[in-house]
Amino acid sequence: MNNRICLIAMALVLLVVGVAGAQHPVLDMAANHVVQTYQQATCEQLWQEKGKPKTAQQQEMIQFLRSNPQMRAEFINRVAAPIANKMFECGMIP
């Protein structure tokens with residue numbers, strides 16, 4: 001799971017570094033990686049990761065998405081349903 005988090009962090013850093021208004025291939029890669037990580041993780045792994053602090057790269061990505069509403073909307077539109085479904089299956093949301 002830690003390897004997955006590192007890969008996600010690297011993908012998110014690439015997104016921050018390489019994103020200009022219309023560069024969706026990097027966004028696609030980051031969103032696909034996040035979705036794949038959630039789909040492959042067990043519920044136990046997700047519960048363990050839930051309480052851990054975010055890495056510097058993850059925090060940077062979060063800040064980038066907060067400051068760029070268009071990219072944030074695109075990212076959330078791509079990852080929301082698969083993540084929500086997995087969290088529902090794991091009892092993490094009602």
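Other residues with beta-carbon under 13 Å from the beta-carbon of residue 78 carry, at +1 per Lys or Arg and -1 per Asp or Glu, a net charge of -1. Distance between the modelled labels on residue 36 and residue 56, one decimal in nanometres: 2.6 nm (7 Å Cα→Cβ projection).
Taking 7 Å steps out from each Cα toward its Cβ at residue 92 and residue 43 produces label points 1.2 nm apart. With N counted as the residues of the range 37-76, its alpha-carbon radius of gyration over 2.2 N^0.38 Å works out to 1.41. Backbone phi angles across the range 78-86, fed through the Karplus curve with coefficients 6.51, -1.76 and 1.60 (θ = phi - 60°), yield HN-Hα couplings of 7, 9, 4, 5, x, 5, 4, 4, 5 Hz in residue order; Gly and Pro are listed as x. Couplings 3J(HN,Hα) of the range 42-49, computed from phi: 7, 4, 4, 5, 5, 4, 5, 6 Hz, in residue order, whole Hz [Karplus 6.51 cos²θ - 1.76 cosθ + 1.60, θ = phi - 60°; x for Gly and Pro].
Since every read-out is calculated from the coordinates, none of them should be taken as a lab result. The structure presented is a predicted model; accordingly, all values stated were derived computationally and were not measured. Backbone-built Cβ (ideal geometry, glycine too); neighbour counts: all protein chains shown.
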